[in-house]
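**Q** Below is a structure I'd like to ask you about.
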Amino acid sequence: MLKGLTRAGIGSVGSIEEFIQAAAKHGYEAIAADGKELEQWIANRGLTGAQSILKEYAVQIATIGLSVQWRTTEEEFLAGLPNLARHAEAAASLGCTACCTYVLPSTDHASAHFMALATRRLRTCAQILAPYGISLGLEFVGPHHLRTNWKNPFIWGLQETVDWIETIGERNVGLLFDSYHWYTNELEVDDILKLDASQIVLVHINDAPNVPVAEVLDNDRLFPGEGVIDLAGFLQALNQIGYRGVIAQEILTPKPLEEPSEKLLKRSQEAFHKVYRAAGLE
């Protein structure tokens, strides 16, 4: 399983080229990027130039974010579709095969109405991504405080998300599986073992503080191995089902961490070594 980074929790790492260089320096094999960022990088550097930098540093683009506003109005959703196609083209040209979005566990819309809208809209996004060889990853969000943050409940569990993916009905839709949301749903290793690796588009890794699960906040995450999540079991189970994709760190915090990015990257590198060793994977 490839070690990866998002920009969350590692300070300011600069441009995408600086991010790639910093990731490679600290033993990472993949990064998350923004589709518009990739489009601009190719425009500035040229496709061959951008590809050569990825090859030089042996780093891949793990995923782009879904830029389309699928949670808001139909007008905003439709207006974003041309951008999605351009971002997908740029990402695919650099070898990226994933585009991901999160699914909040509550909504101000009527739940059934929003489910119908979201299903249609995400199906459309998947259909746009498919010709570029890109899968759409949906991330269920588990922390309890977000389940009642808006008026009506929506989806926050693993099985419900799997069911929804089946309803969307496109072959290139799967899970963005995050250790934090696995933990806040109080799921077990056995729940991972019931999955097939083909159902997982991307994995996020992070840790949680030692407080009651119902009090765990979405933006109060720790580096892997610094909290109470059974990350060894999490990684072992993913490995056992044959997942060989990217494990990308995502550390959301109440305010930006103040340490220099070099120090945060070193902390991250040591955290990965700790949990990978505990899982028997290095």
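**Q** What is the residue count in region 129-151 for residues that are over 23 Å from Ala197 (Cα atoms) and not hydroxyl-bearing (Ser, Thr, Tyr)?
**A** Here the count works out to 8.
**Q** Count, please, the residues in region 87-125 that happen to be crowded, with 22+ Cβ neighbours inside 10 Å, free of Cβ contacts under 8 Å to residues at least 60 places away in the same chain and either under 14 Å from Ala32 (Cα atoms) or of a type in the set (A, V, I, L, M, F, W, C) (or both).
**A** 6
One line per residue, one yes/no per condition, for (1) at pLDDT 95 or above; (2) surrounded by fewer than 19 Cβ atoms within 10 Å (Cβ to Cβ); (3) farther than 30 Å from Tyr276 by Cβ; (4) touching a strand residue (DSSP E or B) at 6+ places or on another chain (Cβ under 6 Å):
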site	(1), (2), (3), (4)
Glu29	yes, yes, no, yes
Thr48	yes, yes, yes, no
Ile53	yes, yes, no, no
Leu66	yes, no, no, yes
Glu74	yes, yes, yes, no
Asn83	yes, yes, yes, no
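**Q** Follow-up. With respect to Val211, determine if the residue is touching a Gly at 6+ places or on another chain (Cβ under 6 Å) and either in contact (Cβ under 8 Å) with a residue 60 or more places away in the chain or over 23 Å from Ala62 (Cβ atoms) (or both).
**A** When the stated conditions are applied, Val211 does not pass them.
**Q** Quick check on my filter: what residues within region 251-262 are of a type in the set (D, E, K, R) and not in a loop (DSSP other than H, G, I, E, B)?
**A** Within region 251-262, just Glu262 meets the criteria.
**Q** What number of residues within region 153-166 are more than 20 Å from Glu215 (Cα to Cα) and of a type outside the set (Ser, Thr, Tyr)?
**A** 7
The values are calculated or read from the model by the stated rules, or taken from the named source; none is laboratory data. Every value quoted in this text rests on a predicted model; they were computed, and no experiment measured them. Because the Cβ atoms are built from the backbone with ideal geometry, glycine has one as well, and the counts that use them run over all protein chains shown.
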